1. Averaging sequence separations of C-alpha pairs under 8 Å and six or more residues apart, then dividing by the length of the chain, give the relative contact order as a whole percent.
2. So, in the chain, how many Lys pairs have Cα atoms under 15 Å apart, if the pair is 8 or more places apart or on different chains?
3. Which label marks the calculated value of Cα extents along the principal axes in Å, given the options [x] 67, 33, 24; [y] 42, 42, 33; [z] 44, 34, 29?
4. Determine the distance separating the Cα centre of the range 15-50 from the Cα centre of the range 62-129; give it in Å without decimals.
5. Grab the DSSP H runs of the chain that are 4 residues or longer, score each as -39,500 (n - 2.57), total them, divide by all residues and round the 222 nm result to the nearest 500 deg cm²/dmol.
Amino acid sequence: DIKRGTIIYGEQPLITLPDYAKSKMVSYIKHQIESLSAEQQAIYKALSRKNSNNNDMDDAKQLIHIWLNNQMPIASQKMSAVFAVFSRLNHACDCNAHCVWNEAHNEHRLLALRDIEKDTEIVINYCVQPMTFEQRK
């Protein structure tokens, strides 16, 4: 079991995109991906490509599509980021965990919002400010 308030996990981003660089997103992301190790590039390429047909896109477009499907906004840092693990977390309006940026360690941390029983899926709310389904309508 995981107790409320526990830091479940911490992770540094694979790549980031500052808000000021959004107009140059393609070149900015491609440069960062090229700077990753071969292992990190493989992890990045294994992330979700939801709604993409791999045969219809060249490699550069697929890498950007991966970014668009997996990036997480980090409002406090005025940037978005893709993570090896955090980008794989599922969404729930009634989430049991929340991500917060830890500037001192340059990492995203996953905190338990309530007690989580063993074998329960850990889920986050993708909205910057967690909202229930009714609030989002």
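1. Details: 207 pairs, mean separation 47.1, N = 137.
For the chain, the relative contact order is 34 percent.
2. On the way: Lys3/Lys118; Lys22/Lys30; Lys22/Lys78; Lys24/Lys61; Lys30/Lys45; Lys30/Lys61; Lys45/Lys61; Lys50/Lys61.
Here the count comes out as 8.
3. Given [x] 67, 33, 24; [y] 42, 42, 33; [z] 44, 34, 29, the structure-derived one carries the label [z].
4. 17
5. Values: 4 runs with 35 residues, N = 137.
Value at 222 nm, helices only, nearest 500: -7000 deg cm²/dmol.
Since every read-out is calculated from the coordinates, none of them should be taken as a lab result. Just so it is clear, the model here is predicted, and its values are computed rather than measured.
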